[in-house]
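I'd like to ask some things about the structure below.
What follows is calculated from the coordinates using simple rules that are stated; it is not laboratory data. Treat the numbers as computed from the prediction; the structure is a model and nothing was measured. Cβ coordinates were reconstructed from backbone atoms using ideal geometry, including for glycine residues, and neighbour counts include every protein chain displayed.
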Amino acid sequence: MLPLTTELQIIIMKLTDNFMIIMNLSLRNIYPLSEFQRGAKAFLEKLRGSKEPIILTVNGKASVVVQDAESYQELLDRLEILETSAGIRKSIEEFQQGKGIPLDEAFEQLRTKYDIQS
């Protein structure tokens, strides 16, 4: 049996792009939606101070994650970097497998596709 802990580690995987995000969520930050509604102002202050997301439940099941805007934007920025890195890695692998095309040919394909006169 696994030891009980107050921390929950969530792993979000997108295998097709070969990247993973590991995010720690505290089990202490899980509240019923009704409690959040009664004390929204206090919860918002806590969110801004701690920068940790809060999980809200409905009928005992996780329903919504609430996070301050700055932390959410940081998460989106990290995700964009990871997706870009995964795309670059994939392109390098494809090039190493001989799936690339010469630069002149690539430019010609772009000129044709977008009707660009040289």
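Provide the packing ranking of 108-116, 69-77, i.e. peptides ordered by the mean count of other C-beta atoms within 10 Å per residue, highest first.
The peptides rank, most packed first, as 69-77, 108-116.
Have a look at LEU75, TYR114, ALA40 and report the one farthest towards the positive end of the charge dipole of the stretch 35-118, computed about the Cα centre with Cβ charges (Lys/Arg +1, Asp/Glu -1).
ALA40
Right, here's the next one. I'd like the FRET efficiency for GLU52 and ALA106, computed as 1/(1 + (r/R0)^6) with the beta carbon distance as r and R0 of 41 Å, rounded to 0.05.
On the way: r = 45 Å, r/R0 = 1.11.
With R0 = 41 Å, the Cβ-Cβ based efficiency is 0.35.
Hey, which lysines would be in cross-link range of LYS41, C-alpha to C-alpha under 27 Å, not counting anything within fewer than 8 residues on its own chain?
Once the sequence-local lysines are set aside, what remains near LYS41 is LYS51, LYS61.
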